[in-house]
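Okay, structure first, notes after.
Laboratory data are not the source of any read-out in this text; all were calculated from the coordinates shown. Note that the coordinates shown come from a computational prediction; the quantities given were computed from them, not determined experimentally. Ideal geometry is used to build each Cβ from the backbone, glycine not excepted, and the neighbour counts take in all protein chains shown.
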Amino acid sequence: MLEPTERITFDLDGRPVTTTVPTRRLLIDLLRDEFGCSGVRAGCDAGLCGACTVLVDGVPGTACLMLAVEADGRRITTIHGLAGPDGALHPIQHAFLEERALQCGSCTPGMVLLAAALLAECPDPDEATIRSWMSAALCRCGGGEAILRAVRRAAERMRAGQ
Amino acid sequence: MDGTLHTTEASGTLTMRSRALIPPLRLLRPRTTEEAVAMLREPGAIAMAGGVEVIAALKSGGPQRTVVVLRGLPGVDRIEVVEDAVRLGALATHEAVVRDALLREAVPGFAETWGSVANVRIRNQGTLAGCLIAAAPHYDAPPALAALDARLICRVGDETVCLPWHAPRGLVLALDLPRGTRFAHDRSLRPWLLVSAAARLDAGRVRWLRLAAAGPFRVGAAEDVAGAEGLDGPALARHAKHLARAWANTLPEPDHLVPASPGPVWRRHAAAVLAARLVARLADA
Amino acid sequence: MSAANDLERLRGSFAYAIDFALPGMLHAALVRSPHPHAEIVAIDLSQALSDSSVVAVATGADLAGLDPLQGVVVRDQPLLALGKVRYAGEPVVAVVARDAASAARAAARVAVRWRLLPPVPTMAAALAADAPALFDREAPEHFPKGPGAEAWREPARNILWRFRFRSGNPDHAFARAGHVFTDTYRFSRMSHLPIEPLCAVARWGGAAAEVWCNNQDPFLLRADLARIFALPEAAIRVHALPAGGGFGAKSYPKHEALCLLLSRLARAPVRLALSWDEMMLTLSQHAAEVTLTTAVSADGVLLARRGLLRLDGGAYADASVVVCEKGTYRSLPGPYRWHAVESLGEVVRTTTVPAGSFRGFGGPQACFAGERQIDAIARRLGFDPVAFRKRNLLRPGEAPWAGETPMDSDLEDGLDAVAERIGWKAPPPAGKGRGVAVGMKDGGGFSRRSLAVVKLARDGSALVLSGIADLGQGHERVAATIVAEVLGIDQSCVRLAPIDTDRTPHDQGTHASVGAAMVGLAIRRAAETVRERLLALAADVVDEASGPVMLEAGTIRRGNVTLSIPALFDRAFSPQGSELIGEGEARNPFDASAPLGSRCGFWMPSFAAAEVSVDPETGRLAVERLVVATDAGHALDHAGCRAQTEGGAVQGLAQALVEALAFDEDGRLANGTPLGYRMPSMLDLPPVFETITLEHGMGPGPHGAKGLGEHAVLAVAAAIANAAADACGVEIDALPLSPEAILFGRARVDEGGTG
């Protein structure tokens, strides 16, 4: 049986990449196996836990529910693309560190990306909006309360221009 | 151990779900709806809108599939007014629906409710049509669309037909929600119960009122609630409890297991309570 | 505080078990039984073997020559099903292929024929007179333990274990009771579901073996592998990789031995990684039925309790024996003073997913029942639930019974802290209810021994070798703090080394919240040993001055001579350098007067207060406010304590309201998928959620520290249930709380009178 493949080109964390993929391959496996994006984590494999969250043209997406070919022509942002070019942490990452909003770290990349997308769209979100957005990822170690604190702190900092 | 007169033999292994089991996929990309319909005639071909449902289903394995990728079909993601309906293109994502100002005005209550369904990732990828076709037991779409008596615009062969929401055929191109309908939804008792209510009022009087519920049972077509027609707002509010109770008594028995699931007495009671509140909310609007 | 691992976690570059690979590594997939109870008639591998990417296949037949059973105390679980299966989901065949996808597809093509046996889906079914037996009956075995304690293996059909503890004279106490109350409570069953599933890579080397895995018991695993494969322990090397959560799912040997067997068969390294769905089929928490008969004096003093903790152990023992004994012995009596106690625990076998270690180890089950009944008793007698508890709580220094560690927390203070925060004195607003609970468990394990090594390099930086698994609890911070303090160096210079059984000194496993207390103590002593050796070295080498040698802020001082650590090393060892190594030990010794062979290391109480609102028309419950307090003894890392408390509290909330495994009438898991099994998200967190880290300073660790990790989960479900009962005036006796029970439940019988 011949495995159908397609050639795709997309922007991955700010750099253009081109590759040929089997059509059945999912984005999560392409990013992890071919591009070494180990921060795109495989959790529930059902679109529920948010560990595989990536941004697709700036909007939160689910890498375990997308075909790799869906990335063609789009801008994919993983956790690896969030820190500055010199490796400086994003203000959200700083806030997570200060609020100790991570334990095992499995949910962290997804949570950080969700927060980044939220604050990009809505720099001053109310509590209900923060909870609603961040409910797109599960934190089994801490439950999420510390993550909410981190997002509030990051929002404050970013509004203040830090 | 006491001897058995009859032994039962069986075969099989536990089916496991995994993305490793996704079969080879032949992807077809139609440029027009006509092409899409033609491609879907292939035996076993499936249509993929956002992909949330299709990819989840493919993880159960199976033979090689032909997938008709609808993304990119021109005009199928539009949200527009068509006569007495708001037409949601089959490729309009949940999030697009939530944000649509036109829909907000034309079907008050629907877009606002829809913002709390699933989560922001799924809402940005999935579509109403997609989850309607998947029709998983705990989804909000079936009762919502039942209450609204939404129609599906489907392309079947060479014809474009208008079908009830629960009976899609061919290629679903759009979902029609009746304009000027008030909508309300209560999902606070998930996963045991979700209740939707929709009403059409003309000159301040009820033309029709419909209630629908999702639970551990299949959601069927919703009938107009008897006794609601002709009531004005205040009368509707007064009769809300009575109408809701009568409707709740028609709820079917469960057909699948939900853990720690309360029994039918509670379910009918709670459905009546939620429905009464929703009807009162519609009456006030 | 140093946060090297945290930076990597934030950047997404932190390596977990799934990120580990070896050249030539193959992939395994498991074939599982769809039937809860069946004999294997035939296995047809022909379809699977016809795939050219399949390298090896294993069935029960391949266990010949091994000691193939796993389990703690009772070993009854084969690596692959031997002749029959005892739960739907039990692994029967393992397929090894060149890539994960091929392995999964080949596994899906294995065909098995079965002869069905009657399922035993519930404890009631298992204990019925004509119940089918899951195992061929062996003669019961009796095990006397310390004073008042004894246990039986297989005392009756389908009862794996029975444990009994008695202190004092219950008959006497019951005879003079003013009131006797008997209540039965039902406790649900959750799945751990850490984000990261179990994953192991094994490499068979002929006379040696090497395993990389996210199991948090690497030394137990090494010993088990040695036994199973008849290899010397010294020939087996286990690398315990940092894990993405555990909560008990990654405790005790799991699939690692099977993975090693597959490597042997395939003559190549093999990875066996489970999915979430498979995790749900591997291990669960114990569901329980708890019956408490409590004698109270006429004026509200607790006299005696007879308790039965009946646990649904599922098909295989796993750690059920230990969960049973711990839950029964230490949690069933609760944090109270009794004249007499008789506690009975049983593990019942059912043809369902095996139950085993789950955060709290039998404590949550016992605490839910105990704290519900205490509340119910208080109401029935007309006492305020907080005042009633305070009257009967153990005081600091008071041992619950002879031979046990005295209470080392101020329980009244903890209860007051949460009661005050929830506003207990003022009546709750209309439609709302309030509840408190005090959870109780031991910490520090039995007969525990932890070893640690600290290695000081020439430049004054240090490596800590300790077997405490990295689950994100912040142990690298705690270790760094301790060593930095003792040696006067900067925390950023201290690193916790990866766990490698070849290099790391032995530890009995990351359990019982041993982290800060026991292991911290071992690390501290190791650092102190290094300090002594440093000072002795300086005394030897610095001979141009006399007098005592001091170490302050990383500088050696003797008389008017000061030397940096590097300078000292250079003098002592020449520029080629060396290192100073110190070892340390913390022990919880065997004690014949202790009922379970040793006293517990410390007590782990937790305190919770909840305010809930109940919709009087639907019975829907919402937690409006939750306050949880834990006693850390001394908080070495405040933020870490808070994180652990919050996480445990949310698990308790999940138990009360959200999560529950559902089994169908034959015992098959009915909601074994991520979408079917509801889990709490941020939307389920109470709008007001506070944690308090108390520091009563009475623990055995550095500065009176205790472990933290399992506290918070103990009391939260009970507090929420108590609040629900308060709000709706109904006897709540089962979890998860259901709106039906709240709406239509049995009305509470309150006696009026003074509170």
Mind jotting down the distance between the C-alpha centroids of segment C:302-375 and segment A:39-107, whole Å? 41 Å
Hey, with R₀ at 41 Å, roughly what FRET efficiency would residue C:61 and residue B:136 work out to, going by the Cβ-Cβ distance, to 0.05? 0.50
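At R0 = 56 Å, how high is the FRET efficiency between residue C:503 and residue A:149 if r is their beta carbon distance? Nearest 0.05 is fine.
Numbers: r = 38 Å, r/R0 = 0.68.
Computed FRET efficiency for residue C:503 and residue A:149 comes out at 0.90.
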List the trypsin sites (Lys or Arg not before Pro) in segment C:410-470 that DSSP assigns to loop (not H, G, I, E or B) and whose Cβ has at most 13 other Cβ atoms within 10 Å. Which are they? C:425
Identify all aspartates and glutamates with a Cα-Cα distance to residue B:241 below 19 Å; exclude those on the same chain that are fewer than 8 residues away in sequence. B:186, B:223, B:224, B:229, B:232, B:284, C:615, C:617
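Using the Cα centre of segment B:25-69 as the reference point, and only Cβ charges (+1 on K/R, -1 on D/E), how large is the resulting charge dipole? Debye, rounded to the nearest 20. Provide the component values of the computation, followed by the final result.
Values: 6 positive and 4 negative charges, 30 e Å.
Computed charge dipole of segment B:25-69: roughly 140 debye.
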Calculate the spin-label point distance for residue C:234 paired with residue A:129, positioning each point 7 Å from the Cα along the beta-carbon direction, and give it in nanometres. 6.6 nm
Given N residues in the protein assembly as shown, what is Rg(Cα) / (2.2 N^0.38 Å)? 0.95
Report, largest value first, the span of the C-alpha coordinates of segment C:449-587 along each principal axis, in whole Å. 50, 27, 25
Please state the Cα pair-distance histogram of segment A:91-159 with 5 angstrom bins from zero: what percent is in each bin? 3, 20, 36, 26, 11, 3
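What number, in percent, do you get for the relative contact order of segment C:151-309 if the mean sequence gap of Cα pairs under 8 Å and at least 6 apart is divided by its residue count? Spell out each step's value before the answer.
Values: 289 pairs, mean separation 52.2, N = 159.
In percent, rounded to a whole number, it is 33.
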Name the longest site-free stretch of chain C, where the excluded sites are GluC sites (Glu not before Pro) in a DSSP loop with no more than 10 other beta-carbon atoms within 10 Å. C:139-543
Restricted to Cα positions, what overall size does segment A:5-81 have along the principal axes? Three whole-Å values, descending. 29, 25, 20
Relative intensity, log₁₀ I(q)/I(0), of segment C:678-721 from a Debye sum that treats every alpha carbon as a point, q = 0.28 Å⁻¹: -1.16
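Using the beta-carbon distance between residue C:683 and residue C:540 and R0 = 51 Å, what value does 1/(1 + (r/R0)^6) give for FRET efficiency, to the nearest 0.05? Working shown, then result.
Values: r = 64 Å, r/R0 = 1.26.
E(calc), rounded to 0.05, equals 0.20.
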Just to be sure I understand the model, the point goes 7 Å from the Cα along the line to the Cβ. What's the resulting residue B:57 to residue B:207 distance in nm? 3.4 nm
Label residue C:492 and residue B:83 with points 7 Å out from Cα along Cα→Cβ: what is the distance between them in nm? 7.2 nm
Compactness relative to 2.2 N^0.38 Å, alpha carbon Rg of chain A: 1.05
Kirkwood-based Rg/Rh on the Cα set of segment C:246-385 evaluates to 1.16
Shape category assigned to chain C from the gyration tensor of Cα positions, a/c cut at 1.5: oblate
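Remind me, relative contact order of chain C in percent, using alpha carbon pairs under 8 angstrom and six or more residues apart? Mind showing how you got there, number by number?
On the way: 2018 pairs, mean separation 112.6, N = 755.
Contact order relative to length: 15 percent.
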At 37 °C and 0.692 mPa s, what whole-number value in µm²/s does Stokes-Einstein give for the translational diffusion of segment B:25-69, with Rh from the Kirkwood sum over Cα pairs? 304 µm²/s
What residues of segment B:150-165 lie in the reach of a label at residue B:45, counting those whose backbone N is under 13 Å from a point 7 Å from the Cα along Cα→Cβ? B:156-158
Equivalent-ellipsoid semi-axes of chain B, from the Cα gyration tensor, Å, largest first: 34, 29, 15
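Past the 24 Å Cα-Cα mark, which pairs from C:432/C:706; C:84/C:254; B:59/C:84; C:254/C:326? It would help to have the intermediate numbers written out before the result.
Values: C:432/C:706 35 Å; C:84/C:254 19 Å; B:59/C:84 29 Å; C:254/C:326 21 Å.
Violating the 24 Å limit, Cα to Cα: C:432/C:706; B:59/C:84.
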Cut-off 17 Å, label 7 Å out along Cα→Cβ of residue C:135, residues of segment C:316-349 by amide N: C:316-325, C:346-349
Which residues does a label at residue B:116 reach in segment C:596-616, if reach means a backbone N under 15 Å from a point 7 Å past the Cα toward the Cβ? C:615
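What do you get for GluC sites (Glu not before Pro) in segment B:53-141 restricted to DSSP loop and a cutoff of at most 16 other Cβ within 10 Å of the site's Cβ?
Numbers: sites: B:53, B:80, B:83, B:95, B:105, B:112; in loops: B:83.
Answer by residue number: B:83.
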By count of other Cβ within 10 Å, fewest leading, how are A:19, C:529 ordered? A:19, C:529
Proxy exposure order for C:565, C:195, C:720, C:40 (fewest C-beta within 10 Å first) is C:40, C:565, C:195, C:720
